[in-house]
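Data first, discussion second: the structure below is written as structure tokens.
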Amino acid sequence: MQDEIKKFSLVGTVIAVSLSKKHTFSKKNQNIIKLVKGLGVEGDAHFGSKVKHRSRVIQNPDQPNLRQVHLIHSELFEELAVRFPIEPGQMGENITTAGINLLELPVNSILFLGHSAMIKITGLRNPCAQIDQFQPGLLNAVIEKDENGNLIRKAGIMGIVLESGEVKPGDEIRVELPPKPFKKLERV
């Protein structure tokens, strides 16, 4: 994994920012979103210190919210474009990025966005059947298996807000890697 990190940029760009006040699959693009320390994206259905994801609330509503912010790399949309036309926000992400291979970042990487916002990466998004309701067949396109039969989830990463701040399209994203040894992302 450490060799893989050398293959991508540690600086990227925010392409789009999105939110939804309700638990909808897709989120509406915004001109700007506000990240709030320890809570997530202000005005989004997943805003809060405790878990907001509906299936996880049923399991245990007192779990910490490790999925405050959902990020997807726009390069995924380019990869899927032949079969699945997807626009930023449509897969439920709050922040669409470019230039950083989000899926190869280790757990606890810190993303610096805009002037003051900071997000700590907690893990991978675990795509569910709702994706096929959005576009039939998309679930299989965002899940692959490696040579050992392990699942590769490509539908983005999740994080928590360490420092508040506004984020908008065009903002720079800088990555600070955690101390070694790096821990590979797992679903959260």
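The values are calculated or read from the model by the stated rules, or taken from the named source; none is laboratory data. In this text the structure is predicted, and so the values were computed from the model without any measurement. A quick note on method: Cβ atoms are made from the backbone with ideal geometry, for glycine too, and the neighbour counts reach across all protein chains shown. Accessible surface areas use protein heavy atoms only, side chains included; no ligands, DNA or RNA. Shrake-Rupley method; radii C 1.70, N 1.55, O 1.52, S 1.80 Å.
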- request: Could you please give the count of residues in region 137-151 that are small (G, A, S) and more than 18 Å from the chain's Cα centre (by Cα)?
  value: 2
- request: Could you tell me whether D62 is part of a helix (DSSP H, G or I) and modelled with pLDDT under 95?
  value: no
message: Going by what's in this entry, would V82 be described as open to solvent by 50 Å² or more (accessible area, probe 1.4 Å) and among the hydrophobic types (A, V, I, L, M, F, W, C)?
response: yes
- line: Exactly one of I72, I95, I119, I110 is more than 15 Å from V41 (Cβ to Cβ) and of a type in the set (A, V, I, L, M, F, W, C), and that residue is I110
message: Quick check on my filter: what residues within region 121-148 are among the small types (G, A, S) and open to solvent by 50 Å² or more (accessible area, probe 1.4 Å)?
response: A129
message: Out of G89, G40, I need the residue that is within 26 Å of K183 (Cα to Cα), touching a residue at least 60 places away in the same chain (Cβ under 8 Å), surrounded by 19 or more Cβ atoms within 10 Å (Cβ to Cβ) and not hydroxyl-bearing (S, T, Y). Which one?
response: G40
- prompt: Got a number for residues in region 129-151 being closer than 24 Å to H46 by Cα and touching a residue at least 12 places away in the same chain (Cβ under 8 Å)?
  reply: 9
- line: Among V107, V69, V41, the single one that is aliphatic (A, V, I, L, M), under 13 Å from the mean Cα position of the chain (by Cα) and closer than 22 Å to F134 by Cα is V69
